[in-house]
Amino acid sequence: MAGSGSSMLYSFLLFTVILSLQEMYRGKLASSELFTILGGFISSLLFLVLLTFIGNFQEASGVKTGWGA
């Protein structure tokens, strides 16, 4: 099982890759209703990866506040 440090790194890299691809294909994702729904799904994955990064950052730094506690 991956530690919090490596999981934090992987989630940050995955966040930047997903966000970059979403920005690159912004026009395509807005071109039809089906692609708009796909863009929403990709955005929810982006949010999940961001929550994973924040949780791992809190665990690595030893700070437990709010929903991370």
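With each pseudo-label sitting 7 Å past Cα toward Cβ, what's the Arg26-Val63 distance in nm, one decimal?
Output for this residue pair reads 3.0 nm.
In cubic angstrom, how much convex hull volume per residue do the alpha carbon atoms of the chain span?
Cα-based convex hull of the chain, divided per residue, equals 91 Å³.
Counting only heavy atoms of the protein chains, get the accessible area per residue of the stretch 19-62 (1.4 Å probe) and round it to a whole Å² value.
On a per-residue basis, the stretch 19-62 sits at 73 Å².
Counting each DSSP H run of 4 or more residues in the chain as -39500 (n - 2.57), what helix-only mean residue ellipticity at 222 nm follows after dividing by all residues, to the nearest 500 deg cm²/dmol?
Computed ellipticity for the chain at 222 nm equals -26500 deg cm²/dmol.
Between helix 4-24 and the chain, what is the angle of the helix's C-alpha long axis to the longest principal axis, kept within 0 to 90° and rounded to the nearest 10?
On a 0 to 90 degree scale, this one is about 20.
What part of the accessible area of the chain, given as a whole %, is carbon or sulfur when the probe is 1.4 angstrom?
72 percent
Along the Cα→Cβ direction, 7 angstrom out, place labels at Val17 and Leu50. What is the inter-label distance in nm?
Computed distance between label sites Val17 and Leu50 equals 1.9 nm.
The values are calculated or read from the model by the stated rules, or taken from the named source; none is laboratory data. No experiment lies behind these values; they were computed from the predicted model shown. Here Cβ is always computed from backbone atoms with ideal geometry, including for glycine, and neighbour counts include all displayed protein chains. All accessible areas refer to the heavy atoms of the entire protein, side chains included, with ligands and DNA or RNA removed. Shrake-Rupley method; radii C 1.70, N 1.55, O 1.52, S 1.80 Å.
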